[in-house]
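The values are calculated or read from the model by the stated rules, or taken from the named source; none is laboratory data. This is a predicted model, so every value here is computed, not measured. Reconstructed Cβ throughout: ideal geometry from the backbone, glycine too, with neighbour counts over all protein chains shown. All accessible areas refer to the heavy atoms of the entire protein, side chains included, with ligands and DNA or RNA removed. Shrake-Rupley method; radii C 1.70, N 1.55, O 1.52, S 1.80 Å.
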Amino acid sequence: MDRLSLEDFVDDQPWGDNVPLLEDISSENPIAGVRMQRLVTRGDKRGELTVLMSALLEPITPPPHVYLVSAEAGSIRAWVYHKRQFDRLAYTNGDLRVVLYDLREDSPTYQKLEVLDVGAANKILLTIPPYVVHGIQNRGKSTATFINMPTTVYDPKHPDKSRIPFDHPGIPYKFE
């Protein structure tokens, strides 16, 4: 058997395209402070690679707490907001509907509603500022997952999360 050494490995070649890792995109009805970035997927016969977040092009607040969320088919996870953290949610699979509602009285988009369809067909990184209410529904027929890379660490003794039921009449959106 030949002895393996580090010199036996071949360095990767640079990506040959000019496609950005993350590309800012806009929606028809944007809420102030919400940022959407297209996630670029590169693939070959082995599978795919999708960059979820990178400081390569601009400084970022490193995520001190990263977690994977699963959503069963047809499930609704709503409504929630945070007082201190920005959520940075990466959607790469499934068929998910994200609904945002701005309850910040000092915001230029106060009481604005934004509906986004995300997942396998629309891979995005969504950054949601504090006090923007949000919810999600898995509209697909199988479990979907997404990753959150918030700007603050989760403290189980003092959770930064406030909730109301998904069918609360104060939100002008009904999940179906």
Check your understanding: Hey, what did the chain get for relative contact order, percent, Cα under 8 Å, at least 6 apart?
Key -> 29 percent
Point to revise | Listed residues Leu49, Thr127, Ile60: farthest to the positive end of the dipole of region 20-153 (Cβ charges) | key: Leu49
Review point. Using r as the Cβ-Cβ distance of Glu176 and Trp15, and R0 as 45 Å, what FRET efficiency do you calculate, to the nearest 0.05?
Key: 0.65
Study note, to complete from the structure: Once phi for every residue in region 58-72 is put through the Karplus expression 6.51 cos²θ - 1.76 cosθ + 1.60 (θ = phi - 60°), the whole-Hz ³J(HN,Hα) values, with Gly and Pro written as x, are 7, x, 9, 7, x, x, x, 7, 10, 8, 9, 10, 10, 10, 5
Review point. Dividing the alpha-carbon Rg of the chain by 2.2 N^0.38 Å yields what?
Key: 1.20
**Study point:** Sparse-neighbour loop sites [trypsin sites (Lys or Arg not before Pro); region 69-173; at most 13 other C-beta within 10 Å; DSSP]
**Key:** Lys83, Arg84, Lys141, Lys157, Lys161
Practice item. Compare Glu72, Glu28, Glu114 in a GNM of the chain, Cα atoms joined below 10 Å, and give the one with the largest fluctuation. Key: Glu28
Study note, to complete from the structure: Result for the chain: accessible area per residue, probe 1.4 angstrom, in square angstrom, of 64 Å²
Practice item. Report the full-extension gain for the segment Asp2 to Lys157: residue separation times 0.36 nm, less the Cα-Cα distance, to one decimal in nm. Key: 50.3 nm
Practice item. Please go through the residue pairs Lys83/Lys157; Lys112/Lys174; Lys83/Lys112 and name each one whose alpha carbons sit more than 21 Å apart in this structure. Key: none
Point to revise | With every protein chain in place, the chain: carbon and sulfur % of accessible area (1.4 Å) | key: 53 percent
Practice item. Report the charge-dipole magnitude of the chain in Debye, nearest 20, computed about the Cα centre from +1 at each Lys and Arg Cβ and -1 at each Asp and Glu Cβ. Key: 720 debye
**Study point:** Centre separation in Å (Cα based) which lies between region 1-34 and region 46-86
**Key:** 17 Å
